[in-house]
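The values are calculated or read from the model by the stated rules, or taken from the named source; none is laboratory data. A quick note: this is a predicted structure, and the numbers were derived from the prediction, not measured. Methodologically, a virtual Cβ is constructed for each residue, glycine included, from the backbone with ideal geometry; neighbour enumeration extends over all protein chains shown. Just the protein is used for accessible areas: all its heavy atoms, side chains included, with ligands, DNA and RNA removed. Shrake-Rupley method; radii C 1.70, N 1.55, O 1.52, S 1.80 Å.
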Amino acid sequence: MPGLVIRNGHLITPLERRFTSLLVENGHIKALCDNPGAPDGFQEIDASGCYVAPGLVDLQVNGGPGCDFWADPSPSEVSSLQAYMLERGVTSFLPTLITDEVGHLEKNIAFLTAQGAGGAAQLEAGTELSRMPGIHLEGPCLSPQRPGVHPSQHLAKPGPELFSRIVTDAVSMITLAPELDSGGSALAWLREKGKLVSLGHSNATFEEAGQAFDRGVSLVTHLFNAMPPLHHRAPGAAGAALLDDRVSCCLIADGLHLDPAAVEMIFRLKGREKTVLVTDIAHIGTTGGDLVGSSITLDEAVRNIVSWGVADIGAAVAMASYNPARLLGLGDKIGSLTAGALADIILLDRKDLRVRTVILGGRVVFGGQPSALSSVS
């Protein structure tokens with residue numbers, strides 16, 4: 001695989017923006033430096049007029065055009081969705097399964113695992129499609145009072161017996177209502193397995209949410225959605241999450257699930273390190289105005305954050321790349337432009353913030369007109 005030198009771009013790292021060059025070798029980022037010396041045969045990309053950013057990482061993808069993880073997708077449908085994500089700058093995402101009959105969940109988990117979802121080895125494998133570093137189980141252990149679109153007949157109580165069937169090695173993240181686990185044994189089981197546990201579709205009180213955070217729940221799924229509204233005499237799980245510095249909060253920045261002012265409030269309270277952009281994109285989405293998942297992609301969410309004046313492009317990119325990767329324990333591999341990380345890189349036009357080029361594992365897989373590529377000699 002030929003190496004790459006990306007020049008003349010404004011690089012976005014987790015903590016700063018720098019006008020510098022990026023050297024890529026053997027599918028990984030080798031160095032960030034002003035005048036990188038490149039061996040003969042390296043390709044050069046002129047990133048003038050672009051931000052050079054890490055590939056985006058979406059923790060909640062239910063499907064998209066032509067693919068529905070809630071049903072029985074085919075391998076070609078999954079590949080089509082991976083290509084769709086890639087063209088929008090999403091180089092990694094978690095396919096998300098909602099509440100269902102346990103046998104069907106087992107079937108779909110096995111299917112997604114066979115398609116390459118989950119595992120560090122999958123990250124290092126050569127691919128021209130968006131990576132799936134794990135599976136997100138959104139349910140079935142959700143509150144009967146806050147199910148949203150989840151079928152109530154398949155809701156279940158959390159516990160080791162259920163988890164032993166559906167929480168496999170490929171499952172990286174699980175959303176649940178922690179108030180259903182009053183003794184904490186289910187959370188202890190998940191913590192022992194190293195899973196990312198997120199509070200969601202929950203009717204938890206302020207006190208119950210705080211107890212869950214003490215027990216290792218470190219994330220909230222689509223804050224404010226599918227949970228009690230923030231009330232001045234009953235702040236609930238939303239209030240507990242906003243006030244707890246240990247907890248990161250996911251939000252859907254489509255202007256429908258949350259008003260832009262609510263997004264700004266979350267960002268002001270949680271900051272760039274504890275705010276996470278997700279899409280919850282689904283095959284059905286927001287068709288007809290109903291909130292059945294969303295119809296937004298993560299690059300759109302980044303643009304919205306900037307256009308609404310919530311945060312600058314550096315913070316918006318961090319919330320959609322480094323923060324989710326770090327929560328998955330993959331911050332050294334994806335989601336940042338740092339030496340040693342996988343060379344999953346996107347070029348965003350500085351004028352409209354649209355994705356112009358996508359590089360996956362050091363290879364240009366989208367955009368990158370031939371005129372922009374030259375051989376360094």
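A straight Cα-to-Cα reach below 15 Å connects Lys157 with the aspartates and glutamates Asp100, Glu101, Glu138, Glu179, Asp181, residues fewer than 8 places away in its own chain not being considered.
Assuming R0 = 30 Å, can you tell me the calculated FRET efficiency for the pair Asn8 and Leu256, based on Cβ-Cβ distance, to the nearest 0.05?
Details: r = 38 Å, r/R0 = 1.25.
Given R0 = 30 Å and the Cβ-Cβ separation, E is 0.20.
A simple count of charges around Ala188, restricted to other residues whose Cβ falls under 13 Å of its Cβ and scoring Lys, Arg +1 and Asp, Glu -1, yields +1.
Per the Debye calculation on region 105-181 with a single equal scatterer at every Cα and no solvent contribution, log₁₀ I(q)/I(0) for q = 0.16, 0.20 Å⁻¹ amounts to -0.64, -0.88.
For the pair Glu106 and Leu15, label points projected 7 Å from Cα toward Cβ lie 4.8 nm apart.
Give, in nm to one decimal, the length gained when the segment between Glu207 and Val149 is fully stretched (0.36 nm per residue of separation minus the Cα-Cα distance).
On the way: separation 58, 0.36 × 58 = 20.88 nm, distance 2.62 nm.
Here the segment from Glu207 to Val149 would lengthen by 18.3 nm.
Here the label points at Arg268 and Asp34, each 7 Å from Cα along the C-beta direction, are separated by 3.9 nm in the simple model. Rounded to the nearest 20, the size of the Cβ-charge dipole of the chain about its Cα centre is 580 debye, with Lys and Arg at +1 and Asp and Glu at -1.
Highest GNM mean-square fluctuation among Val317, Val61, Val78, for the chain modelled with Cα contacts below 10 Å: Val78.
The calculated pair-distance distribution of region 93-251 uses every alpha carbon pair, bins of 5 angstrom beginning at 0, and gives 2, 10, 19, 21, 20, 14, 8, 4, 1, 0, 0 percent.
Taking 0.36 nm per residue of separation and subtracting the current Cα-Cα distance, fully stretching the chain between Ala234 and Ser74 would add 53.1 nm.
Counting Lys +1, Arg +1, Asp -1, Glu -1, what net charge surrounds Ile346 among other residues with beta carbon under 12 Å of its beta carbon?
Details: positive: Arg88, Arg354, Arg356; negative: Glu87, Asp299, Asp344, Asp349.
The answer is -1.
Work out the FRET efficiency for Arg354 and Glu161 from their Cβ-Cβ distance, taking R0 = 35 Å, and round it to the nearest 0.05.
Values: r = 48 Å, r/R0 = 1.37.
Here the calculated transfer efficiency is 0.15.
Give me the one-decimal Kirkwood hydrodynamic radius in Å for the chain, with the sum taken over alpha-carbon pairs. Show your work: numbers first, answer last.
Working: mean 1/r = 0.0481 Å⁻¹.
Final number for the Kirkwood radius of the chain is 20.8 Å.
Between Glu124 and Asp312, the modelled label-to-label distance comes to 3.7 nm, taking each label 7 Å out from Cα in the direction of the beta carbon. Kirkwood radius for region 55-162, taken over all pairs of different Cα atoms as the inverse mean of 1/r, rounds to 14.5 Å.
For the chain, the longest principal axis of the Cα atoms and the long axis of helix 102-114 meet at an angle of about 10 degrees.
Could you give the dipole magnitude of region 1-70 about its Cα centre, charging the beta-carbon of Lys and Arg +1 and that of Asp and Glu -1, in debye to the nearest 20?
Values: 4 positive and 8 negative charges, 35 e Å.
It works out to roughly 160 debye.
All other residues whose Cβ lies under 14 angstrom from that of Phe42 are scored, Lys and Arg at +1 and Asp and Glu at -1, for a net of -1.
Over the chain, average the accessible area per residue using a 1.4 Å probe and give it in Å², no decimals. Numbers along the way, then the final one.
Numbers: 14500 Å² over 377 residues.
Here the per-residue accessible area is 38 Å².
Rolling a 1.4 Å probe over the protein heavy atoms of the chain, with every protein chain left in place, gives an accessible area that is 49 percent carbon and sulfur.
Of the residues Thr297, Gln211, Ala315, the one whose Cα sits farthest toward the positive end of the charge dipole of the chain, with +1 on the Cβ of Lys and Arg and -1 on the Cβ of Asp and Glu, is Ala315.
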